[in-house]
Structure formats: C-alpha cells, structure tokens
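Q: This is the structure, below, for whatever I ask next.
Nothing in this text is a laboratory measurement; each read-out follows from the coordinates by a stated rule. It should be emphasised that the depicted structure is a prediction, and the values quoted were computed from it without experimental measurement. For neighbour counting, all protein chains shown are included, and Cβ atoms are generated from backbone atoms with ideal geometry for every residue, glycine included.
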Amino acid sequence: MAALEASLAAGCTFYDSAAAYGMGRSDALLGALVAAHPSANIVTAGKIPPKNLRWPASPDDAFTDVFPLDHVLTYAQQSRDRMRVAAVDLIQLHVWDDSWADDPEFHRVVAAVKDRGIARFFGISLNRWEPWNGIKAIRTGLIDAVQVIYNVFDQAPEDELFHACAERGVGVSDVRHLESGTWVDGPHPERANYESFADFTDPDGNIWILQEVDRSSADQSRVEHGSD
C-alpha cells in the first residue's frame, strides 16, 4: 500500500490491475486505495483472465471457450467489488486474437458488461510482439481501449495500431516502459559491475530481471560516458 500511496501523491491517477495478479489481491489493494481517497478521481482498470488459462491467445481457440459470457461477468463483478467502485472504469480481456472480432458472442459480452453497469469502458490487452493483432477489433467500434507493449525498444505499434486507434478514437495504455529490466546502471557489456541478479515470471509470462549495481562502478561509468 505504501507504493500505491506514494504513486498517488506523485500524481498517478490510472491504475491497471487484473484478476490474475495475486489471484485478486491486486484488485483488492486498488480497492483499498480508492476507499482511502474517494475524491482522488482514481481511474480503475481490470482484466479478465482467459478461462482456458492460456497466455497468449491462440487463433485455434474459440472465443466462447476463452471468454464465455458467464465467465466474463463473474470476474468483472468480482473485480468491481474488490475495487470498491460502482463500476470499473475499464474492463479488458487479458488475452486477445483478432479472429474473434466478428464472433457474435464477443459483441454480446461487450454489451452485457456495459449494459449491466459493471464497467464504463471495454478494452483488450494485446499479445506480446503482435500489435497488429487487434486492429480488426478496433474497427468493430466495440472497444474503447487497447493495452500494448510500447517503449524505446519496441515501437511496432506505430506502424499500424496507433493509426487505427486515432481513426476510431480508441485509447491506448502502454506497458513495459522499462522493457523487463533492460534499464539498469553499470552498462558494462560483461556485467562486471553487477554484484547479483535474480529473475521471475509474472502471470502474463513476462520475465523480469532484477540486478544489483555497484554504485561506485555505476558512477564511474557515467563519468566515462559523459553522462550527467
């Protein structure tokens, strides 16, 4: 909670959670923040896990097997309750494949979530390295936002996705700003400045690397490279 409180104090207002993060604990922590700051205009976002628990999505899977209506409604309502809000600002499908865009059940799911007042807006989280695999969904006019990897190392969304979003007025939230631990001090090519490192995999299948840096070596490298 201390990190959430600090981020809010620093000006952060958009918080992206998911039922898969800590098996609901992330939603609950966000709910505690919302309850503690009812006038802070916090924007809440949650994600529905695939029923078949497959990350990333596959075109071989039918939409009704991954996101049947009852499954989506159950998880969306649970997120709303844990976040302690009348309606989640943005509910997203945690995986997506564009072969589902024309499926009538997808249309039904979006309508049900909004019509029942569970969420104000509906979005999708795109597969890693596949920003194009969401353009058909954008063009249906059904979704309000997409979540995509975008940083200095991966700018593929600029090719097509951002243009499609601009044309349709679809919002974009980007993830992995630091690209899974790439931004570290001590840029020695053989990691000679790194005293230790560890890695772990999150529910999205992202591999994160944590590296401890010898501060004196890192500072020396800044001098050598002319950084300030």
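Q: Can you sort Asp174, Asp154 from fewest to most other Cβ atoms within 10 Å of each residue's own Cβ?
A: The most exposed by this proxy come first: Asp174, Asp154.
Q: What do the square roots of 5 times the Cα gyration tensor eigenvalues come to for segment 4-58, in whole Å, largest first, as semi-axes of the equivalent ellipsoid?
A: Details: eigenvalues 135, 23, 15 Å².
That gives 26, 11, 9 Å for the three semi-axes.
Q: Pull out the extension gain between Asp103 and Ala156, defined as 0.36 nm times the separation in residues minus the alpha carbon to alpha carbon distance; nm, one decimal.
A: 16.4 nm
Q: Round to a whole angstrom and tell me the spacing of the C-alpha centers of segment 80-100 and segment 109-127.
A: With segment 80-100 and segment 109-127 each reduced to a Cα centre, they are spaced 6 Å.
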